[in-house]
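Below is one structure, written out as structure tokens, with a few remarks after it.
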Amino acid sequence: MDATRPTVVAEGLCKRYGGKEALAGLDLTVPAGAVCAVLGPNGAGKTTAVRILATLLRPDGGRAEVAGFDVVRQGPEVRARIGLVGQQAAVDEILSGRQNLELFGRLSHLGARAAAHRADELLARFGLADTGAKAVKGYSGGMRRRLDLAAGLILAPVVLFLDEPTTGLDPRGRNEVWASIRELVGSGTTVVLTTQYLEEADRLADTICVIDAGRAIARGTPDELKNAIGGDRIAIVVREAADVAGAARVIERIASGPVEVDPDRRRLGAPVADRMAALTETVRALAEAGIETEDIALRRPTLDEVFFSLTANDGSKLWTPARPDREEAA
Amino acid sequence: MTTSTPTPTPTHATGAPVASVAPTGALAAGAPGGLHWAIPDAWTMTRRNLAHWVRQPAQVLIGLLFPVMTVLLFGYLFGGGMTLPGGGDYRAFLVPGMFAMAMLFGLETTFAAVSTDAARGVTDRFRSLPMAPSAVVTGRAVADMLYAAAGLAVMVGAGLAIGWRWEQGIGRALAAFGLLLLLRFALLWVGIFLALVVESPEMLVAIQILVWPLGFLSNAFAAPATMPGWLGTVAAWNPLSSTVAAGRALFGNPDGGGESWIAQHAVPMAVVWPLLIVAVFFPLSVRRYRRLGR
Ligand SMILES: Nc1ncnc2c1ncn2[C@@H]1O[C@H](COP(=O)(O)OP(=O)(O)OP(=O)(O)O)[C@@H](O)[C@H]1O
Ligand SMILES: [Mg+2]
């Protein structure tokens, strides 16, 4: 096995349902040990892509390889190396959490003792040790989600697929899931996760693949994507309204593009080429001109802005990015 | 590069709980999904289904006692007013019919279990594991057959309690029980197929509505000879009727007098009908299961 070979490779994946194209030639490459976030609005084809990569669905066209094995021709080999956490918690409601994990462990051919040991370990890891003996029926949504995640980790997989892993979790649950994912990545697992939370992609992913209508419309690191729609901007609030015009003249010399001025709120903003040089130069020049500032900051475009500019340029595709319920606790 | 080299093994930090099982755990155990796993995996799946009963004793009890209730209901409430063509005790006539009805109700058990797994994504979870794919279905089949046998045992107890007897020796009685379980086995595939088609446990009510006329339009409760012409023919040719009639013949119970060809060939037809059902619904179920991936 070539060590430099990407762990997940998809080329031109196509899938249609009736007349509808769920995937229309999706390409995806994830290097070993990386976290790739597949970002897209509802119906973009995220779940379809994950199901094909996890051998649950046959593609109509294209090919895909996971951990060096073809997902269509070498399904069993692929299945021995992946973990899957689907969009919907796929656990047995009647059995207890522990029974679920033991069952999946035995079906992953761990052997009775190892499966039991592994179940205990994962229950403890996901804060389910106390409720492990209770029927899943009585679990909260978040507990179910954590159990589902634990089930995906039974084998400490080479590749872990997570389809919207934190949907429906409270901020604390989300942080726990994020921490587990980071820990896994630290141990060498490659992760493909789909999400609608831009923040999640920003925090976890090494690379992001934005998909819409079944194909990739942008890819890169979070930074690359942010740069793609424009670099850094400097933003200033001056203390005295009378200084706005003077400040605009100062910034004009430093900026790499037109200066936007909002006189009522005494704000100025402009794109800059070299962030640190621009910041020090602005501070120095404003002080020299005797202009006092209330606030001065460098700002990067958020992934939300990137996402909107990528998917909403066509007026018909209006999408409100799903936001984590309240705000993050970390 | 060789093709079967174990692929990138994440180097897990020792002591980190998430990582304490290396992925080679699954690989060392032989070809994943290989044929030699079919039986151990099927047994694991069977035990999972048995564990459901342990966790739901009330449901199991209701499932086992419901057919007993029908026996009592029909035997004592309506039984008094029934006179059989050809003579004989109505309750002795009814009990083999109720055995077959219990097998028919089993279809609902199978349907509920398979459709719940499909709808909840549990079937997909199994399909993503390196287990033998056949075990999902064989585990179901073994568990359901065990449940059917338990249900039959309860019914036999109830039958004996209300005065039903097998009159022609244990050998022929066992043959009759075998035919009943054969019917259950055939209906298993009908249940699996229907569950994979609709994938929605809410449809159980619809299945129950379908199952009842199937049960009543048979010789289980009344002799087809007493029904209006065409209805009698439909009832006589109902696959359930052949099993019931074969049971009555083998137990030596009153049969309500049937002169039709189908009634005269009850025992062979009690083998042919289930085999026919299996021949149709087994491949359909397998095809449907494979199509989950389409
Ligand atoms: N089994 C199916 N039958 C018919 N159409 C389907 C099926 N599964 C998916 N689709 C369609 O394919 C498209 C892609 O669906 P998919 O579930 O992959 O989207 P998604 O990106 O996961 O969306 P979401 O964010 O809502 O989970 C959608 O338009 C969907 O309606
Ligand atoms: Mg989805």
Per the list (1) open to solvent by less than 10 Å² (accessible area, probe 1.4 Å); (2) at pLDDT below 95, residue check on residue A:76 breaks on (1)
Considering the stretch B:77-99, residues that are part of a helix (DSSP H, G or I) and at pLDDT below 85, and then whichever is most open to solvent (accessible area, probe 1.4 Å), we arrive at B:77
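Here's the yes/no breakdown for (1) within 16 Å of ligand 1 (Cβ to nearest atom); (2) free of Cβ contacts under 8 Å to residues at least 12 places away in the same chain:
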{"site": "A:75", "(1), (2)": "no, no"}
{"site": "A:80", "(1), (2)": "no, no"}
{"site": "A:86", "(1), (2)": "yes, no"}
{"site": "A:89", "(1), (2)": "yes, no"}
{"site": "A:95", "(1), (2)": "no, no"}
{"site": "A:106", "(1), (2)": "no, yes"}
{"site": "A:112", "(1), (2)": "no, yes"}
{"site": "A:116", "(1), (2)": "no, no"}
{"site": "A:119", "(1), (2)": "no, no"}
Residue A:73 passes all but one of the listed conditions (1) more than 12 Å from ligand 2 (Cβ to nearest atom); (2) touching a Ser or Thr at 6+ places or on another chain (Cβ under 6 Å); (3) of a type in the set (Lys, Arg); the exception is number (2)
Of the residues in the stretch A:178-214, those that are away from ligand 2 (no atom under 16 Å from the Cβ), among the charged types (D, E, K, R) and more than 14 Å from chain B (Cβ to nearest Cβ) come to A:199, A:202, A:203, A:206
Of the residues in the stretch A:49-59 that are within 12 Å of chain B (Cβ to nearest Cβ) and within 10 Å of ligand 1 (Cβ to nearest atom), the one that is farthest from the chain's Cα centre (by Cα) is A:57
When every residue in the stretch A:33-46 that is assigned to a loop (DSSP other than H, G, I, E, B) and within 12 Å of ligand 1 (Cβ to nearest atom) is compared, the one modelled with the highest pLDDT is A:45
The stretch B:175-294: helices (runs of 4 or more DSSP H) wholly inside it with 1 or more residues that are closer than 29 Å to residue B:120 by Cα and small (Gly, Ala, Ser) are B:204-216, B:266-291
Subset of the stretch A:83-107, residues farther than 18 Å from residue B:51 by Cβ and at the interface with chain B (Cβ under 7 Å from one of its Cβ atoms), comes to A:84, A:86, A:88
Here the residues within the stretch A:28-45 that are β-branched (Val, Ile, Thr) and away from ligand 2 (no atom under 16 Å from the Cβ) are A:29, A:30, A:35
In the set A:49, A:64, the lone residue that is in contact with a strand residue (DSSP E or B) (Cβ under 9 Å, 6 or more places away or on another chain), in a helix (DSSP H, G or I) and under 28 Å from residue B:289 (Cβ atoms) is A:49
- Task: Test residue A:23 against the criterion of being more than 21 Å from residue A:200 (Cα to Cα), within 14 Å of ligand 2 (Cβ to nearest atom), modelled with pLDDT of 95 or more and open to solvent by less than 50 Å² (accessible area, probe 1.4 Å), and give yes or no.
- Result: yes
Here the residues within the stretch B:101-141 that are more than 26 Å from residue A:55 (Cβ to Cβ) and of a type in the set (A, V, I, L, M, F, W, C) are B:101, B:102, B:103, B:104, B:105, B:107, B:111, B:112
Among the residues of the stretch B:120-175, the number that are of a type outside the set (Asp, Glu), more than 13 Å from the chain's Cα centre (by Cα) and open to solvent by 30 Å² or more (accessible area, probe 1.4 Å) is 19
The lone condition residue A:230 fails out of (1) modelled with pLDDT under 80; (2) closer than 22 Å to residue A:127 by Cα is (2)
When (1) within 14 Å of another protein chain (Cβ to nearest Cβ); (2) more than 16 Å from ligand 2 (Cβ to nearest atom); (3) in contact (Cβ under 8 Å) with a residue 12 or more places away in the chain are applied to residue A:11, the one that fails is (1)
Pairing a residue in the stretch A:172-198 that is closer than 12 Å to residue A:146 by Cα and open to solvent by 10 Å² or more (accessible area, probe 1.4 Å) with any residue that is within 16 Å of ligand 2 (Cβ to nearest atom) and of a type outside the set (A, V, I, L, M, F, W, C), where Cβ atoms lie under 7 Å and the two sit 6 or more apart in sequence or on different chains, gives none
Among (1) within 16 Å of the chain's Cα centre (by Cα); (2) open to solvent by 20 Å² or more (accessible area, probe 1.4 Å); (3) not hydroxyl-bearing (Ser, Thr, Tyr), residue A:235 falls short only on (1)
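The values are calculated or read from the model by the stated rules, or taken from the named source; none is laboratory data. Keep in mind the model is a prediction, meaning the values are calculated, not measured. Methodologically, a virtual Cβ is constructed for each residue, glycine included, from the backbone with ideal geometry; neighbour enumeration extends over all protein chains shown. Quick note on the areas: whole protein, heavy atoms, side chains included, nothing else; ligands and nucleic acids left out. Shrake-Rupley method; radii C 1.70, N 1.55, O 1.52, S 1.80 Å.
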